[in-house]
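Values in this text are rule-based calculations from the coordinates and carry no lab data. Since we're looking at a predicted model, the values are computed, not measured. In this analysis, Cβ positions are derived from the backbone assuming ideal geometry, glycine residues included, and neighbour counts consider all displayed protein chains.
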Number of protein chains: 2
Amino acid sequence: MAIDHLDGRLLVLLAREPRIGVLEMSRRLGVARGTVQARLDRLQSNGVIRGFGPQVDPAALGYPVTAFATLQIRQGQGTDVRAHLATVPEVLELHTTTGGGDMLCRLVARSNADLQRVIDRVVGFDGIVRASTAIVMENPVPLRIIPLVEQAAEDDD
Amino acid sequence: MAIDHLDGRLLVLLAREPRIGVLEMSRRLGVARGTVQARLDRLQSNGVIRGFGPQVDPAALGYPVTAFATLQIRQGQGTDVRAHLATVPEVLELHTTTGGGDMLCRLVARSNADLQRVIDRVVGFDGIVRASTAIVMENPVPLRIIPLVEQAAEDDD
DNA sequence: ATTTCACTGAACATATTGCCCAGCAGATTC
DNA sequence: GAATCTGCTGGGCAATATGTTCAGTGAAAT
C-alpha cells in the first residue's frame, strides 16, 4: 500500500501547481500521459487524494478569528453533542479525543466579540459540561502535507 | 468585500464537484462563461480561494494516528520553536494561541507507538517547557467550509 | 446626460481530454 | 522454460474546453 516515488512527485507537483492538467503533469514528470492518469485514478480510489476542493480562507470571508475549544461532554451525550455541533457553521472541524468525554473543535468568528456568540451557541447545549477556549494569534505553519508526502515517498512503501 | 450570492453558489459548486471546468460551471450556474472566469479570478486574487491543492489523507499515506499537542514555550523562544517544528514533517499545522507562551499543533504518526517518537522529536527541543497531547479517536466533523460559505453568502456582504 | 462597471453571447485558434490501441519490459506463476 | 500479468509507452482520434477578444446591454454612480 501507500505510495511510491512517482506518486510522491505527482502529489507534490499537484500541491504546488494544482491547476495544471494531466498532459502538463506528464511532461513535467517525464512519463506518459496514460501513466499519470492511471496514477491519479489510483490515488483517488485509494483514498490518498480525497478531493480537489478549493481551499477557502475564512478570514477573507469575514471570519478572521480562529479558536480551538476543548469541550467536556457528559457521559452518553456524545452523539447528541456531535449532531449539535454539526449544525453550527462556525464549527469547521470536530474531533473526539482521548481523556474522558473530551472533544476538540476549531471555530471561527467575525471578531473577538462575535466569538463569544459562537461559543455561547456551541456550549449552549445540554450535555456539554465545560469548555475551554484558546484563541489563535498566529499560524506559523498552515495546514500542510508536502513534507509528509515526501517522507512517505522516501520510505517508498 | 467578501462574497455575494453568486460567489457563494460558485464556491459551493466548486467544493462539491472540484474537477468541473469553467464552462460546465457557467452552465450549472446559469451565467456566462466570462462571468464565472472573472469571479474565479477575483476570488483568487481576493484570497478567498487560496488554492486547489489536493486534499491528501494522511491515514492513506500510512499515518492513521492524529493528535493535538499543546506546547508551553519558554519566554522568548517562540521563533526558535516555530522553526524547529516547521522541520518536522509530522507537524501538519501549528498555531500560537492566547495564554502565556502556548502553541497548539496537529501531529500525525504511523501508530500509537510511533506517536511517542514524533512527540519526542517535537518536544526534544530547548524552549519547550511542557507538552500535553490529546489523541484523536474520531473525527465527526472533518474540516469543512461549505456551511460557512453559505452563511457568508446569505449575509451577502 | 455621461461614465463606469459587470454581465452577455459570440467568435476563433489552440490545447486538452477521454478513449482507443499495439508494443514492450519486468515480475510472477505454472 | 513458457505463459500470464501488470504497468508503462507512444501514438492516433473525435469531442470538448480553454484563453482571448469583441461588441452590445443594462444598471448604478457621477
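Taking neighbour counts of Cβ atoms within 10 Å as a proxy for exposure, in what order, fewest first, do A:GLU24, A:GLU90, B:GLU154 appear?
Neighbour counts put them in this order, fewest first: B:GLU154, A:GLU24, A:GLU90.
Rounded to the nearest 500, what is the 222 nm mean residue ellipticity of chain A from helices alone, with -39500 (n - 2.57) per DSSP H run of 4+ residues and division by all residues?
Per the formula, -12500 deg cm²/dmol.
Nearest beta-carbon of B to the rotation axis carrying it onto A: which residue, how many whole Å?
Of all Cβ atoms in chain B, the one nearest the axis gives B:PHE52, 3.
Given an 8 Å cut-off on Cα distances and at least 6 residues of separation, report the relative contact order of chain A as a percent.
Normalised by residue count, the contact order of chain A is 32 percent.
How large is the dipole of region B:114-157 about the Cα centre if only Lys and Arg carry +1 and Asp and Glu carry -1, each at its Cβ, rounded to the nearest 20 debye?
Once rounded to the nearest 20, the dipole reads 560 debye.
What is the magnitude of the charge dipole of the protein assembly as shown about its Cα centre, with +1 placed on the Cβ of each Lys and Arg, -1 on the Cβ of each Asp and Glu, and no other charges, expressed in debye to the nearest 20?
I would put it at about 540 debye.
Measuring label to label, 7 Å along Cα→Cβ, what does B:GLY99 give against each other copy in nm, shortest first?
0.9
How charged is the neighbourhood of A:GLU90? Take every other residue with its Cβ under 13 Å from the Cβ of A:GLU90, and add Lys/Arg as +1 and Asp/Glu as -1.
Surrounding charge for A:GLU90 is 0.
Expressed in nm to one decimal, what extension gain is obtained for the pair B:ARG117 and B:GLU17 from 0.36 nm per residue of sequence separation less their Cα-Cα distance?
Gain on stretching B:ARG117 to B:GLU17: 32.2 nm.
Using a Gaussian network for chain B with springs between C-alpha atoms less than 10 Å apart, which of these wobbles most: B:VAL136, B:VAL122, B:VAL56?
Ranking B:VAL136, B:VAL122, B:VAL56 by mean-square fluctuation puts B:VAL56 first.
Treating only the Cβ of Lys, Arg, Asp and Glu as charged (+1, +1, -1, -1), what charge dipole size does region A:5-54 show about its Cα centre? Round to the nearest 20 debye.
Using Cβ point charges on Lys, Arg, Asp and Glu, region A:5-54 gives about 60 debye.
List the trypsin sites (Lys or Arg not before Pro) within region A:19-125 that DSSP assigns to loop and that have no more than 11 neighbouring Cβ atoms inside 10 Å.
Counting only loop positions with at most 11 other Cβ atoms within 10 Å, the trypsin sites (Lys or Arg not before Pro) in region A:19-125 are A:ARG19.
Taking the Cβ of A:VAL36 as the center, what net charge do the other residues with Cβ under 10 Å away carry, scoring Lys and Arg +1 and Asp and Glu -1?
+2
How large are Rg and Dmax for region B:1-145 when only the alpha carbon atoms are used, in Å?
Calculated on Cα positions, Rg and Dmax stand at 20.2, 58 Å.
For the protein assembly as shown, build the charge dipole from Cβ charges (+1 Lys, Arg; -1 Asp, Glu) around the Cα centre, then report which of B:PHE125, B:VAL36, A:VAL141 sits farthest towards its positive end.
Farthest towards the positive end: B:VAL36.
Between A:ALA113 and the same site in the other copies, what are the distances in nm, shortest first, taking label points 7 Å from Cα along the C-beta direction?
Those separations, rounded to one decimal, come out as 5.5 nm.
If I stretch the segment between A:ALA2 and A:ASN139 completely, what's the gain in nm (0.36 nm per residue apart, minus their alpha carbon distance), one decimal?
Here the segment from A:ALA2 to A:ASN139 would lengthen by 46.4 nm.
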